[in-house]
1. Counting only residues that are surrounded by fewer than 18 Cβ atoms within 10 Å (Cβ to Cβ) and hydroxyl-bearing (S, T, Y), which one in region 285-315 is farthest from the chain's Cα centre (by Cα)?
2. Return only the number of the condition from (1) out of contact with any helix residue (DSSP H, G or I) (no Cβ under 8 Å at 6 or more places or on another chain); (2) part of a helix (DSSP H, G or I); (3) not basic (K, R) that P216 does not satisfy.
3. Quick test for you: out of V338, V318, pick the one residue that is farther than 20 Å from T273 by Cβ, within 21 Å of the chain's Cα centre (by Cα), in contact (Cβ under 8 Å) with a residue 12 or more places away in the chain and not assigned by TED's automatic domain parsing to the domain that holds A232.
4. Test N289 against the stated conditions and say whether it is part of a strand (DSSP E or B), of a type outside the set (K, R) and either within 28 Å of L305 (Cβ to Cβ) or in the same structural domain as G317 (by TED's automatic domain parsing) (or both).
5. So, in region 166-199, how many residues would count as being of a type outside the set (D, E, K, R) and either exposed (fewer than 14 other Cβ atoms within 10 Å of the Cβ) or under 16 Å from L150 (Cβ atoms) (or both)?
6. Restricted to region 260-289, and to residues that are out of contact with any Lys or Arg (no Cβ under 9 Å at 6 or more places or on another chain), of a type outside the set (A, V, I, L, M) and closer than 25 Å to K220 by Cα, which residue is modelled with the lowest pLDDT?
7. Hey, could you check region 245-265 for residues that are touching a Leu at 6+ places or on another chain (Cβ under 7 Å) and of a type outside the set (S, T, Y) and say which is nearest to A344 (Cα to Cα)?
8. Can you name every one of the helices (runs of 4 or more DSSP H) wholly within region 53-152 that holds 2 or more residues which are over 15 Å from the mean Cα position of the chain (by Cα) and free of Cβ contacts under 8 Å to residues at least 12 places away in the same chain?
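The values are calculated or read from the model by the stated rules, or taken from the named source; none is laboratory data. Because the structure is predicted, anything quoted here is derived from the model rather than measured. FYI the Cβ positions are ideal-geometry reconstructions off the backbone, even for glycines, and counts take in every protein chain you see.
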Amino acid sequence: MVFARLLAAETDWGARSALCLDLLEAGAGTEAHAMADQTLSEIFRLKPAAAAIFGDANRRQMIELCLRLAGDANPAAMTPVLERLRDGLAGGSLERCQMAVRERLVEMLGGTLPLYGVEPYEEFNALLSLKQRIVELPMLVTDDGVMGALTRRFTRFAAPDMLNPLIGRDPEFSRKLLTLLRLYREVEEGNARFELQGIISHYMEHREFTTKFIGPQSGKDDFANLSAAISAALVQADIPEPRKTRLLDQYRNQLGNVVKPTGSRIAQRGVGTPKDAVVFRALRMPLKNWSPVGLLFGPCPASVLEKVSVGDKIRIGVEVRASLVNIDFTADAEVLRVSDGLIAARYTCSDAAITQRIQNYFTA
C-alpha cells in the first residue's frame, strides 16, 4: 500500500504524523480516514515520538497541550503537527486520536508528585481551577479515566499530611470549613469522606466556634459571603441526610451566636474607582470593591451572568488604578454570590510579589 510505504520511508515521527494529517485533510474515504486516525493515535501514544510531536514539554506543559487539543483556549505553544491535529480534532471525527489525547492526559495527571506547587493550599486551588477547565471541554468531561485521575489527586488531600497544612493556613473556622466542604465535594472514596465528615462536625461543635468563626481582619461583607457559601455547600454536599440535617441545624444555631465584625471590610481603601476593572471572558467590567481575599464586580452583562453560578471557579484579570497602587494581575476566583447584576468572589493570586504588594497596600 502506498501510504504504508510512505510511512516506512520516513524516520522522523513528526514527518510520519504530518503524512497522516495530509491524508486526513485530503478528505480521503472512510477506510483511509480510519487508517490515518488509527496510525496517528498510535504515534501519539509512543514515548519515542513525544519530543517530535509535543516539543520539549514538561508535565504541566503537557497537560496544557492536551487541554488545548481538546478545545481549551489557553495560549500553550504547539508544534506544527499539534496545530494541525487540533484543527482535525475540532471536527469530532478523529475518535482514536481523541482517545489518545485523553490517555496522555490521564498519564500526566497520574503519580503522587505535586503538579503546581509543594504547598497543599496552592496545589489544591490550582487543581480546582484545572478541573473547572476540564469540565467545560466535552471531549474530556465524559471520560472516566480523566475524571478518575482528578478524583484520585483530590482524595490525597484528605490524608493528614496534606489536610493539616491545607486548612491550617487559615485561622478562621469559616475558611477552614469552606475548604473542607470544597474538598468533600471532590472526594469519592468512602473512608476519606467519612473522615472529612468527622472533621467538619468537629469544627461545627467546637467550643470556640463563635469567637473564631471569623477573625478581626475580616469585615461584615466577608462574614456574609462566607456564612452564605458554607450554608450553600452544606446543602449541596452528598452527606447522608440524617447527618446533614444535624450539621445544618448545628451550623445555623452556632451562627446566631458568632461574634460578628463591626467594621467594613476595607473602609474606603478597597472601593473601586472609575478606572478599576475586572476582566472575565474577554469582557471588562467595573470593580466595585476589593480586599486581599475578595472582590465584587459589575454590573455584568447577561452573557456573563447566565454562565456563572455560586461555587464556579473562574479565571479573572484585575486592574486597579488607585493613587497608592497601580497594579494588574490575574487570579483564580470562586464565585460566592451572584445578585443584582453583580458577582462577588474570593480570589487568590499565584504571584507572590503581587500578593505582597496587595497586602502592603491594605495594611499601610
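1. Taking the candidates together, the pick is S303.
2. Just one mismatch for P216, condition (2).
3. Values: V318 fails: farther than 20 Å from T273 by Cβ.
Testing whether each residue is farther than 20 Å from T273 by Cβ, within 21 Å of the chain's Cα centre (by Cα), in contact (Cβ under 8 Å) with a residue 12 or more places away in the chain and not assigned by TED's automatic domain parsing to the domain that holds A232 leaves just V338.
4. yes
5. First, the residues of region 166-199 that are of a type outside the set (D, E, K, R): 166-168, 171, 173-174, 177-181, 183-184, 187, 190-192, 194, 196-199.
Subsequent filtering for residues that are either exposed (fewer than 14 other Cβ atoms within 10 Å of the Cβ) or under 16 Å from L150 (Cβ atoms) (or both) retains 168, 171, 183-184, 187, 190-192, 194, 198.
Matching residues across region 166-199 total 10.
6. Q268
7. As a first pass, look at region 245-265 and keep what is touching a Leu at 6+ places or on another chain (Cβ under 7 Å): 247-248, 251.
Now narrow it down to the ones that are of a type outside the set (S, T, Y): 247-248.
Values: L247: 26, L248: 23 Å.
The qualifying residue nearest to A344 (Cα to Cα) is L248.
8. On the way: elements: 59-69, 80-90, 95-109, 120-135, 138-141.
Per the criteria, 80-90.
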